[in-house]
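*Asks:* This is the structure I want to talk about, given as structure tokens.
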Amino acid sequence: MPKTAEKLVAAEDCFQATFAQAAVGIGHIAPNGCWLRANQRLCDILGYGRDALPGLSIHDVAHPEDRNSHRALVVQLLSGAIDRYSVEMRCIGNDGAIVWVNLSVSLVRQATGVPDYFIAAVDDISRRKSADFELRKFKAIVDSSDDAIIGKTLSGIVTSWNRGAEQLFGYSAAEAIGQPLQIIIPDDRIDEEMETLAAISQGKRTEHRETLRRRKDGSLVQIAATISPILDDAGNVIGASKIARDITAQKRAEVELNNHKQHLEDKVAERTAALSVAKQAAEAANIAKSAFLANMSHEIRTPMNAIVGLTHVLRRKIKVPEQSEKLDRIAGAADHLLGVISDILDISKIESGKLVLEQVDFDLDGLLKRICSMVIDQARARKLELIVDVATDFVQVQGDATRLGQALLNYLGNAVKFTERGTIVVRARVLEETSSDVLVRFEVEDSGIGIAAENLPRLFHAFEQADSSTTRNYGGTGLGLAITRRLARMMGGDAGVTSTLNVGSTFWMTARLGRGRSAAKNYLIAQLEGRRALVVDDTPVTLLVQTQLLRKMGLSSDGASSGQAALDVLMAAERAGLPIDLVVLDLLMPGMDGFATLTNLRALPLTRQP
């Protein structure tokens, strides 16, 4: 082999060894942005295998918020406006984690001047960025502290001085840094300071002390100080930090407290005797009150009716805003008390057989919408998703709409009360059908606190709740579930619950309802028949319900549980020649939310945008 060829081979071997073993990541990038090759260090930084990175675009690994600025630099490099660029930017590793890198890029051109490839040098600076962030956060904490935080050398020279120190001692940071700490130490306390610094330099961890210091205006302030050593990376003591707080007012209060201590002890002895007498009187009054309420409880209903009736009459006649507001409050309190009384009366009527159910036609969809409207404001205030899932082929049923609504509202009100986050689903399903009636199962499913298995058997008994803490935390009489079960059984069904503690509960009831006289409602929309729709939502129940609703309208409807899945479905439909006409997007989804999904959707090479 000629010597020139041998030299070229040796140079190529040297280049390949250098490329492969370099301590920084090195890669070659085609003019279109795709990685051509990468050394092991670059693959390690980004978390890709040697064969996985080539073929990907450099923009594929760039953080979405940094892609546009990076593209602008590439354009300048290709146009010749700059020879090279170096920039700190975020990349997305193969595992999805953010990696901060220092990216240096230069362009290699062919002899004709045509761009051949980019050379990229990548250095992982994630640790430095993390350290910078922690340093800024620590500095912000120090600067915002109301306590004086001071750094000093072992010889007593001030090295740092925060805002709290400026306020406490009157010196600005510019005036104090570089000065000996004696500027704030009275002459008779200098030896004390030197002894403290000597103890710190000998490795003593922390000194706590109450002492006097001098302000810039010459006045003295009493402080509580904590002095700790400052260590270098090798563990050597190189200085000290002091945290100081003004305790002048506290010390003054302690003196006053000591002066009054004996006086208070005498007063306590006097009051103890008086309180003993008052306690006996209070206990006697409590016994009398309990006896009175027990004897008078049967008389509550008559005056309550008078209060409600007269309040209603007055509210119609009085137009003065202040008086109307007071009457509104009276009416609200009376309605609440009547609700409790009504629950008790309902139980009494049911158990005595005096409650008679109505049999009238009513719209089941309308009933469910009505009871949901009563709790929707509470659900929204808790940021709960309320979903109604009715799979029925009829519009009207026959039964007691008022009592059925009361039973379901008991379930729904409890679901909102005991659910802090997540979803509440109201379902209706037909279990059995005859020519004259249907057996419908209603469910209210929540993602709330759940109920322990040992407490489930007690729930549907009057005046019972899951445990004693429920009433304290959430209120209630424990009558609602008992009423619901009794109403369900009067309607030819039953009621029950399945629940997992800290996961959620599903309360259900069944009711046999007559068939209404109205025909089934037609939801089809002629203009939409044959069209294709895609529902995108990360909540499975919402995805199912929305898909079913669109199908009732005549659309061919599919679902996707994430933004990326939706993009994949759209491209698959495009390739199959069956484009999507309508996309229903959830705004709030983990990962790729509705906005990001829409942006990426608009960038897809689709024949027709949905």
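*Asks:* So how do 539, 434, 419 rank on accessible area, 1.4 Å probe, biggest first, that is with the largest at the start? Walk me through the numbers on the way to the answer.
*Replies:* Numbers: 539 25, 434 60, 419 0 Å².
From most exposed to least exposed: 434, 539, 419.
*Asks:* Each residue of the range 49-55 in turn: what ³J(HN,Hα) in whole Hz from Karplus with 6.51, -1.76, 1.60 and θ = phi - 60°, glycine and Pro shown as x?
*Replies:* x, 4, 8, 8, 6, x, x
*Asks:* Between beta-carbons, use under 15 Å as the cut-off and find the net charge around residue 70, counting Lys and Arg +1, Asp and Glu -1.
*Replies:* With Lys, Arg at +1 and Asp, Glu at -1, the neighbours total 0.
*Asks:* Would you mind listing how long the range 93-153 runs along its three principal axes, going by Cα atoms, in whole Å with the largest first?
*Replies:* Projected onto its principal axes, the Cα set of the range 93-153 covers 67, 31, 20 Å.
*Asks:* What nm distance separates the two modelled labels at residue 167 and residue 257, each placed 7 Å from Cα along Cα→Cβ?
*Replies:* 2.3
*Asks:* ³J(HN,Hα) across the range 493-510 via Karplus (A = 6.51, B = -1.76, C = 1.60, θ = phi - 60°), whole Hz, x for Gly/Pro?
*Replies:* Each residue of the range 493-510 in turn: x, 7, 9, x, 8, 10, 7, 10, 4, 6, 10, x, 9, 10, 8, 10, 8, 10 Hz.
*Asks:* Could you size up the charge dipole of the range 206-252 around its Cα centre, putting +1 on the beta carbon of Lys and Arg and -1 on that of Asp and Glu, and report it in debye to the nearest 20?
*Replies:* The calculated dipole for the range 206-252 is roughly 440 debye.
*Asks:* Enumerate the residues in the range 586-601 having an amide nitrogen under 20 Å from the point lying 7 Å beyond the Cα of residue 571 toward its Cβ.
*Replies:* So the set is 591-601.
*Asks:* Calculate the tail of P(r) for the range 14-84: the fraction of all Cα-Cα distances greater than 18 Å, expressed in %.
*Replies:* Value for the range 14-84 (Cα pairs over 18 Å): 45 percent.
*Asks:* Once all Cα-Cα distances of the range 216-278 are split into 5 Å bins that start at 0, what whole-number percent is in each one?
*Replies:* Cα pair-distance distribution for the range 216-278, in percent: 4, 13, 11, 11, 11, 10, 9, 8, 7, 6, 4, 4, 3, 1.
*Asks:* Can you give me the solvent accessible area of residue 501 with a 1.4 Å probe, rounded to the nearest 10 Å²?
*Replies:* Near enough 90 Å² of accessible area.
*Asks:* What net charge is computed for the residues neighbouring residue 323, neighbours being all others with C-beta under 13 Å from the C-beta of residue 323, Lys and Arg scored +1, Asp and Glu -1?
*Replies:* My count for the surroundings of residue 323 gives +3.
*Asks:* Something else now. Compute the FRET efficiency between residue 24 and residue 157 as 1/(1 + (r/R0)^6), taking r as their Cβ-Cβ distance and R0 = 56 Å, and round to the nearest 0.05.
*Replies:* So the FRET efficiency works out to roughly 0.90.
*Asks:* Give the ranking of 317, 152 by solvent-accessible surface, highest area first, calculated with a 1.4 Å probe.
*Replies:* Per-residue accessible area, sorted high to low, gives 317, 152.
*Asks:* Against the empirical 2.2 N^0.38 Å scaling, what ratio does the C-alpha Rg of the range 78-237 come to?
*Replies:* 1.68
*Asks:* Please report the relative contact order for the range 80-166, taking Cα pairs under 8 Å with a sequence separation of at least 6, and give it as a percent rounded to a whole number.
*Replies:* Result for the range 80-166 is 17 percent.
*Asks:* Report, to two decimal places, the Cα Rg of the range 50-151 normalised by 2.2 N^0.38 Å (N = number of residues).
*Replies:* With N residues counted in the range 50-151, Rg over 2.2 N^0.38 Å equals 1.48.
*Asks:* Gain in length, residue 515 to residue 109, computed as 0.36 nm per residue apart minus the alpha-carbon separation, to one decimal in nm?
*Replies:* Roughly 138.0 nm would be gained on extension.
*Asks:* For the range 503-610, taking Cα atoms only, what is the radius of gyration to one decimal and the Dmax to the nearest whole Å?
*Replies:* Considering the range 503-610 through its Cα atoms, Rg and Dmax are 17.3, 54 Å.
*Asks:* Sticking with this structure for a sec: Describe numerically, in nm with one decimal, the distance between label points set 7 Å from Cα along Cα→Cβ at residue 119 and at residue 271.
*Replies:* 8.5
*Asks:* Let me ask something else about it. At a Förster radius of 41 Å, what calculated FRET efficiency corresponds to the Cβ-Cβ distance of residue 502 and residue 551, to the nearest 0.05?
*Replies:* Approximately 0.70, to the nearest 0.05.
*Asks:* Order 28, 59, 461, 208, most accessible first, counting only protein heavy atoms with a 1.4 angstrom probe.
*Replies:* Order by accessible area, largest first: 208, 461, 59, 28.
*Asks:* Using R₀ = 60 Å, calculate the FRET efficiency as 1/(1 + (r/R₀)^6) where r is the Cβ-Cβ separation of residue 452 and residue 217; round to 0.05.
*Replies:* Using R0 = 60 Å, I get an efficiency of 0.35.
*Asks:* Taking amide H positions as placed in the peptide plane 1.01 Å from N, state which residues far from residue 230 in sequence (5 or more) or on other chains have amide H under 5 Å from it.
*Replies:* Amide H neighbours of residue 230, under 5 Å, 5+ apart: 238, 239, 240, 241.
*Asks:* Using only alpha carbon pairs under 8 Å that are at least six residues apart, calculate the relative contact order of the range 366-433 and give it in whole percent. Working shown, then result.
*Replies:* Numbers: 56 pairs, mean separation 34.8, N = 68.
Answer for the range 366-433 is 51 percent.
*Asks:* Across the range 311-320, in residue order, what do the Karplus-derived ³J(HN,Hα) couplings come to in whole Hz, using 6.51 cos²θ - 1.76 cosθ + 1.60 with θ = phi - 60° and x for Gly and Pro?
*Replies:* Working through the residues one at a time gives 4, 4, 5, 5, 5, 6, 9, 7, 10, 6 Hz.
*Asks:* Starting from the Cα of residue 226, step 7 Å along the direction of its Cβ; do the same at residue 183; then give the gap between the two resulting points in nm.
*Replies:* A separation of 2.6 nm, rounded to one decimal place.
The values are calculated or read from the model by the stated rules, or taken from the named source; none is laboratory data. Quick caveat: nothing in here was measured; it's all calculated off a predicted structure. Virtual Cβ from ideal backbone geometry, glycine too; neighbours counted across all protein chains shown. We work out accessible area using only protein heavy atoms, side chains counted, and drop any ligands, DNA or RNA first. Shrake-Rupley method; radii C 1.70, N 1.55, O 1.52, S 1.80 Å.
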